[in-house]
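The values are calculated or read from the model by the stated rules, or taken from the named source; none is laboratory data. What you see is a predicted model; the values in this text were computed from it and never measured. Quick reminder, even Gly has a Cβ in these numbers, built from the backbone with ideal geometry, and neighbours come from all protein chains shown. Calculation scope for accessible area: heavy atoms of the full protein, side chains included, ligands and nucleic acids excluded. Shrake-Rupley method; radii C 1.70, N 1.55, O 1.52, S 1.80 Å.
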Amino acid sequence: MLTLDYKEIGKRIVKRRKELGLKQWQVEEKAEISFGYLSNIERASSILSVEMLMRICYALDTTPNEFLLGAVAEMEDNDYQRSITSRVKQMSSKQARMALSMMDWILSQKLE
């Protein structure tokens, strides 16, 4: 029988949230969950439902596999575009200009 390690799931959620530079309240707002509930999930003091897991995955732009199994699914082109857009929306104007410059440089490279 498979037993879920809720402490490990909480750690994976924290890791993903921090990768995106998001605060708990920002994820709660986007996932439409009550204030403070994400903290409980991250500390494994609350057990999350499938619906809550899916809301958090949506808010953190990932799949349940990342949290449940620690595996990031191979992304398709559309997923990469959505992920990039999500990150750009979080940037200041200065950061967005810097990211644009980096993308221009990447586009100029002959990668195969």
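Below is a table of values for the structure above.
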quantity	calculated
Residues (within 17 Å of the chain's Cα centre (by Cα) and part of a loop (DSSP other than H, G, I, E, B)) located in region 44-60	Leu48, Leu60
Counted residues, region 1-39 - those being more than 11 Å from the chain's Cα centre (by Cα) and open to solvent by 50 Å² or more (accessible area, probe 1.4 Å)	19
Of residues in region 67-83 being part of a loop (DSSP other than H, G, I, E, B) and at pLDDT below 70, the one most open to solvent (accessible area, probe 1.4 Å)	Glu74
Within region 6-43, tally of residues that are of a type in the set (Val, Ile, Thr), more than 16 Å from Leu68 (Cα to Cα) and part of a helix (DSSP H, G or I)	1
Within region 84-99, tally of residues that are open to solvent by 90 Å² or more (accessible area, probe 1.4 Å) and either closer than 19 Å to Leu20 by Cβ or at pLDDT below 85 (or both)	4
Pair list, Cβ under 6 Å, 6 or more apart: region 53-68 residue touching a residue at least 24 places away in the same chain (Cβ under 8 Å), other residue of a type in the set (Val, Ile, Thr) and crowded, with 17+ Cβ neighbours inside 10 Å	Ala59/Val27; Phe67/Ile9; Phe67/Ile13
First in region 22-38 and farther than 20 Å from Met91 by Cβ, second anywhere and β-branched (Val, Ile, Thr) and open to solvent by less than 20 Å² (accessible area, probe 1.4 Å), Cβ under 7 Å, 6 or more apart	Ala31/Ile56; Leu38/Val27
